[in-house]
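**Q** Once you've had a glance at the structure underneath, I'll fire off some questions.
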Amino acid sequence: MKTRTKVWTAAAVTVVAAATAGVLIVPGVSRDDRTTAAAPEPTVAVVRTNLVRTEQVDGELGYAGSATVTTTSSAMVTWLPQPGDTISRGQHVYDLDNVPVPLLYGKLPFWRDLHNGVEDGPDVRVLEQNLRALGYGGGLTVDEHFTAATSAAVRKWQKARDVERTGRVNAGDVVVLPGAIRVADVKARIGTRAGGDVLTATGTRKQVTVDLPATKSDLAVRNSKVTVVLPDGRTVTGKITAVGTTAKAPDDPQDGRDKTPTLPVTVLLDDPAETGALDGAPVTVNFRGAVREGVLAVPVNALLALAEGGFGVQDVSVDGTRRIVPVRLGAFANGQVEVMGDGLTAGMKVTVPAG
């Protein structure tokens with residue numbers, strides 16, 4: 001994980017940050033050396049603007065969620081999907097003995113056979129919810145009770161699938177997952193006996209995951225907008241949807257590598273289709289932090305380090321007269337720094353190094 005800092009807020013380390021960001025060190029320049037006359041040199045205007053803290057952090061583009069589909073059946077595997085296939089409610093995940101095993105949506109897998117006379121339970125509700133969603137819920141009350149109406153709906157569904165019409169659903173007849181899936185890897189093989197892992201899958205929604213240094217956790221605010229730079233240089237937009245609450249130490253960090261604990265951050269893209277077929281691709285996420293509105297700012301290289309400590313800028317009047325104006329520093333952003341001090345006004349000209 002690599003972090004590229006673009007801006008710094010004012011803090012105890014401001015002097016160090018400024019000194020390494022292009023501040024001109026001028027020995028002997030003091031607050032009393034206010035007025036001078038010299039040859040012209042480049043100047044820039046003090047501007048009133050908004051400074052925004054931003055941070056670039058590496059992330060990975062992939063698909064949300066993960067699941068392993070397993071079966072306890074010993075039947076023959078007769079059909080399997082391909083990696084990259086998407087499967088939604090009612091479509092078959094795999095075939096056993098030439099009978100499709102369809103996908104149903106729910107958080108609770110079927111742990112028992114469902115039929116007339118079975119005890120009430122939440123798995124019955126999951127079955128009935130899916131029957132209704134698939135168009136077989138006429139006259140069906142969705143609850144936890146398996147009734148004759150439930151059995152009739154199951155038979156209609158079985159008829160449409162061209163399988164034996166038993167009016168019951170055995171535990172191994174279906175796969176229950178929270179939503180549509182995208183096949184990541186196929187574990188089973190056609191022509192072999194089932195039993196164990198059949199395939200691994202993800203959700204169908206693309207997301208970006210970022211390990212954000214815990215020291216920068218203030219950047220990760222749920223529902224905040226970010227921009228994501230794709231491997232080909234294109235930029236797409238997204239929104240932070242989840243932020244971990246427990247910092248994670250890096251796995252076996254090596255000497256010289258970043259050992260800062262991180263927080264997992266999830267970003268959902270506004271238009272996933274813009275990423276095309278990219279999966280598992282490295283991306284750069286631009287986080288937007290604190291905003292300083294309507295502040296006076298100058299380029300960082302306009303700052304002078306004063307002999308008595310602190311910083312100043314060199315004001316150049318219309319007649320060419322110069323004076324050192326002491327300033328206090330605020331936020332840094334994109335090569336600019338917030339400056340505060342008596343005598344500072346928007347539009348005044350200050351010197352910058354030539355070139």
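Residue-by-condition table, conditions (1) assigned by TED's automatic domain parsing to the domain that holds Thr284; (2) part of a loop (DSSP other than H, G, I, E, B); (3) hydroxyl-bearing (Ser, Thr, Tyr):
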{"site": "Thr215", "(1), (2), (3)": "yes, no, yes"}
{"site": "Arg222", "(1), (2), (3)": "yes, yes, no"}
{"site": "Val226", "(1), (2), (3)": "yes, no, no"}
{"site": "Asp232", "(1), (2), (3)": "yes, yes, no"}
{"site": "Thr237", "(1), (2), (3)": "yes, no, yes"}
{"site": "Ile240", "(1), (2), (3)": "yes, no, no"}
{"site": "Thr245", "(1), (2), (3)": "yes, yes, yes"}
{"site": "Pro250", "(1), (2), (3)": "yes, yes, no"}
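**Q** Tally time: how many residues in the range 342-355 are at negative phi and assigned to a loop (DSSP other than H, G, I, E, B)?
**A** 8
**Q** Sticking with this structure for a sec: Provide a single number: the residues in the range 264-306 that are more than 30 Å from Thr49 (Cα to Cα) and among the charged types (D, E, K, R).
**A** 3
**Q** For the list (1) over 30 Å from Ile240 (Cα atoms); (2) touching a Gly at 6+ places or on another chain (Cβ under 7 Å); (3) of a type outside the set (Ser, Thr, Tyr), I need the number of the one condition that Gln91 fails.
**A** (2)
**Q** Right, something else. Could you pull out the residue among Leu96, Leu127, Leu108 that is under 14 Å from Val175 (Cα atoms), at pLDDT below 95 and among the hydrophobic types (A, V, I, L, M, F, W, C)?
**A** None of the others qualify; the one that does is Leu108.
**Q** Here are the criteria: (1) over 30 Å from Gly65 (Cβ atoms); (2) at pLDDT 90 or above; (3) of a type outside the set (D, E, K, R). Tell me which single one Ala290 does not satisfy.
**A** (2)
**Q** Regarding the range 73-85, can at least one residue be identified that is touching a residue at least 12 places away in the same chain (Cβ under 8 Å), under 16 Å from Lys156 (Cβ atoms) and either part of a strand (DSSP E or B) or assigned by TED's automatic domain parsing to the domain that holds Gly179 (or both)?
**A** No.
**Q** Confirm whether Val327 is at pLDDT 95 or above and out of contact with any helix residue (DSSP H, G or I) (no Cβ under 6 Å at 6 or more places or on another chain).
**A** It is true that Val327 is at pLDDT 95 or above and out of contact with any helix residue (DSSP H, G or I) (no Cβ under 6 Å at 6 or more places or on another chain).
The values are calculated or read from the model by the stated rules, or taken from the named source; none is laboratory data. Not measured: the values here are computed from a predicted model. Backbone-built Cβ (ideal geometry, glycine too); neighbour counts: all protein chains shown.
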